[in-house]
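Single-structure report; data block below.
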Amino acid sequence: MKIYVNMLPPSPKQIMYYKSVIIGLIVALIAIKFANILDIDLFLQKISPSVGYLGMAFCFLLSAYGTIKGMKSIGNSVSGGSIIFPRIGSKSVFGTVFCEANFLGGVVICFLMHGVLPSENDSVMLEKSWLIFSACISVGICSYCSSVSTGVICSAICLMDAKDPALFMKLVAMELISSSIGILGLVLGFLLYEKVRTLS
């Protein structure tokens with residue numbers, strides 16, 4: 001007896017439905033945990049011990065997801081164009097390196113922030129926790145934006161290089177500009193790390 005299972009991927013409407021259900025459950029759990037949700041000061045004080053870990057998780061996930069999206073867009077263009085023009089395969093190295101550098105920057109910030117997490121008897125635990133959260137979120141968002149934009153620009157550069165090889169060196173400057181977003185986020189993360197370290 002054979003059993004046939006429908007293996008079709010979910011439609012965009014189903015995915016949107018699942019996402020809205022998950023977000024609704026999260027909001028409901030937060031509302032149950034903190035009954036007086038409008039009291040922002042109480043809310044911030046109650047969530048503060050774990051907010052540093054939450055920031056590090058977001059930093060790691062955003063950096064990784066941005067790198068995945070950037071390298072995916074590079075791979076889509078290069079895998080198609082290198083069939084006809086094999087030389088453009090080596091031109092995608094710049095974009096790949098910049099995407100990986102953004103991810104490694106996020107990982108470095110996570111490790112640094114883990115070393116300065118406040119203990120429970122720390123007098124400035126609330127300030128340190130929120131500084132760590134804001135630093136990690138800033139680095140994660142900058143890394144995500146930088147990796148995605150670098151991937152899109154690199155894939156366009158590779159396809160333009162396939163048409164006219166003389167354009168490559170002129171267009172690499174655009175890639176450097178998009179990758180500088182990640183560097184700015186990393187600098188901001190280091191500044192906030194020094195602030196957390198000196199806070200006592």
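Any read-out appearing in this document is the output of simple, stated calculations on the displayed coordinates, not a laboratory observation. What you are looking at is a predicted structure, and each value in this text was computed from that prediction instead of being measured. A quick note on method: Cβ atoms are made from the backbone with ideal geometry, for glycine too, and the neighbour counts reach across all protein chains shown.
Computed quantities for the displayed model
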read-out	value
Top-ranked residue in the stretch 160-170 [being of a type in the set (A, V, I, L, M) and surrounded by fewer than 16 Cβ atoms within 10 Å (Cβ to Cβ); ranked as farthest from the chain's Cα centre (by Cα)]	A166
Selection count where residues are over 18 Å from G66 (Cβ atoms) and loosely packed, with under 15 Cβ neighbours inside 10 Å, scope the stretch 171-194	3
Pairs, first in a loop (DSSP other than H, G, I, E, B) in the stretch 173-200, second loosely packed, with under 13 Cβ neighbours inside 10 Å and hydroxyl-bearing (S, T, Y), C-beta under 9 Å, six or more apart	S200/S123
Where a residue in the stretch 77-93 is without any contact (Cβ under 8 Å) to a residue 12 or more places away in the chain and within 11 Å of L159 (Cα to Cα) and its partner, wherever it lies, is assigned to a loop (DSSP other than H, G, I, E, B) and among the aliphatic types (A, V, I, L, M), with Cβ under 9 Å and at least six apart	none
Verdict on I109 being touching a Ser or Thr at 6+ places or on another chain (Cβ under 6 Å) and not in a loop (DSSP other than H, G, I, E, B)	no
